[in-house]
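Working notes, structure below.
The values are calculated or read from the model by the stated rules, or taken from the named source; none is laboratory data. The structure presented is a predicted model; accordingly, all values stated were derived computationally and were not measured. Please note: Cβ atoms are built from the backbone with ideal geometry, for glycine as well, and neighbour counts cover all protein chains shown. Quick note on the areas: whole protein, heavy atoms, side chains included, nothing else; ligands and nucleic acids left out. Shrake-Rupley method; radii C 1.70, N 1.55, O 1.52, S 1.80 Å.
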Amino acid sequence: MPTYYCSECEEEFFDRARLAELSPCPNCSEDGTVSLAEEEPSVPEPPARSVNPVAEARAAAAGLLAEQAIIKPPVDVVAIAAALGLPIAYEGLGNVDGELREGRIRINKDHRLVRQRFSIAHEIGHVRLHTSHGVRGSQAEREANAFAGALLVPPLMLRAAVAETPEFDRLRQLFQVSRDVLSIAVDQARLTAKLSGS
């Protein structure tokens, strides 16, 4: 709100609507000029850091790959889980893909290998991102899925592989992932135009 002041008594006024009525000054009744006070320049606040949890999840996956010195596909998620002290148990889980319970990863034994690999990567994501099922709901699941995708199909490995093998099905076999997982990775890396048979 602008501040107005009297040049004689230096009284401050804040009512802009009364500006026309402020001569003479209602405080000192002198013929001082009531004018707009110069405001101190405001210092702009630094912009808030934009946090993209999905991008941070992908970065966490890249960090884990670097930590484990994994540089080529397929990424051995079973070995990563073991290195993190997360034993894997393959059990009948009905319609559940996998879960993290009491420090171990439980995986549905009835699912295909590519789905099991994604479920293991997803649960590793929950561990590395410090989230769990039911905590922050679907956002935590989106982050764990993004982590899993980036762990199984790292962008740098994908670019190198596409340069050698631009065939979608061969890439899927190389990375040992489902069509959906590879399609998402290819789209994010903007490599769709370089592939054949997708």
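The table for this structure:
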item	result
Pick from the stretch 122-142, criterion open to solvent by less than 10 Å² (accessible area, probe 1.4 Å) and not β-branched (Val, Ile, Thr), ranking: farthest from residue 74 (Cα to Cα)	140
Selection status of residue 119, open to solvent by 40 Å² or more (accessible area, probe 1.4 Å) and either of a type in the set (A, V, I, L, M) or assigned to a helix (DSSP H, G or I) (or both)	no
Test: residue in the stretch 89-97 that is open to solvent by 60 Å² or more (accessible area, probe 1.4 Å), without any contact (Cβ under 8 Å) to a residue 12 or more places away in the chain and under 17 Å from residue 148 (Cβ atoms)	no
Every pair of residues 6+ apart whose Cβ atoms lie under 7 Å, when the first sits in the stretch 168-189 and is free of Cβ contacts under 8 Å to residues at least 40 places away in the same chain and aliphatic (A, V, I, L, M) while the second is assigned to a helix (DSSP H, G or I) and open to solvent by 100 Å² or more (accessible area, probe 1.4 Å)	189/159
